[in-house]
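First up is the structure itself, then whatever we jot down about it.
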Amino acid sequence: MRKIRSLVMGDMGEGANDKGFGLRIRPAGPGDEREMIGVYRSAYKGLEEYAYTEPMDIRRYIEWLRRGDPNGLMVAEINGKIVGFAGVHLGWHDKKIGVTAELHELVVAEEWKRKGIGKALMMAVLSYARSHGYSHVSLWVGEGNTYAQRWYRRFGFVELGRAYGWIRMALSLDMTSGTCYNRETERVMKGCEG
């Protein structure tokens with residue numbers, strides 16, 4: 001199994017590098033939890049109904065993300081400061097799409113949003129899933145988190161269903177093969193056009 005290596009984001013377009021600071025995506029280390037807790041709390045301001053709110057609960061959640069896929073827990077840092085993180089588990093099973101890379105978390109600290117950090121983390125997640133042979137990335141997003149829903153749709157995620165205040169979304173990583181989600185049969189299929 002390949003590990004995600006630290007990478008320095010090159011040309012990211014508008015955002016982080018335009019402001020003169022370097023963004024680095026790297027695997028989360030055991031000493032990163034304190035900063036990650038702060039990022040998590042900042043990212044979920046106003047969306048607490050979808051988040052853990054107590055620091056100990058957030059720490060346990062981060063530990064759970066690490067245990068589920070140590071190489072899938074990655075942080076975004078600028079000048080040594082963690083400003084975002086993502087947690088993906090490979091080998092997750094979904095009844096509709098089969099085995100998938102499940103994106104459990106992607107957060108950016110409030111003061112660093114809309115600067116390309118989330119996009120860089122998403123690209124690292126997609127690269128990680130592809131490099132391990134996964135054809136889909138899936139996630140759950142809160143029904144009230146409309147900003148995140150729109151953001152995921154821009155990457156090509158489509159809604160698969162809803163349950164208990166959450167929306168199930170998935171992205172095919174092999175768009176060129178004609179893979180798509182058929183809402184009528186509720187299955188991911190080959191041979192779809194456009």
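In the context of the full set of protein chains, residues of region 36-153 present 44 Å² of accessible surface per residue (probe radius 1.4 Å, heavy atoms only).
Distance between the C-alpha centres of region 20-46 and region 78-104: 15 Å, rounded to the whole angstrom.
Given Cα positions, please report Rg to Rh for region 50-108, the hydrodynamic radius being the Kirkwood one.
Rg divided by Rh gives 1.03.
Measuring between alpha carbons in the structure, the pairs from LYS45/LYS115; LYS45/LYS95; LYS96/LYS119; LYS95/LYS119 lying more than 23 angstrom apart are LYS45/LYS95; LYS96/LYS119; LYS95/LYS119.
The values are calculated or read from the model by the stated rules, or taken from the named source; none is laboratory data. Quantities reported herein were computed from a predicted structural model and do not represent experimental measurements. Side chains included, ligands, DNA and RNA excluded: accessible areas come from the protein's heavy atoms. Shrake-Rupley method; radii C 1.70, N 1.55, O 1.52, S 1.80 Å.
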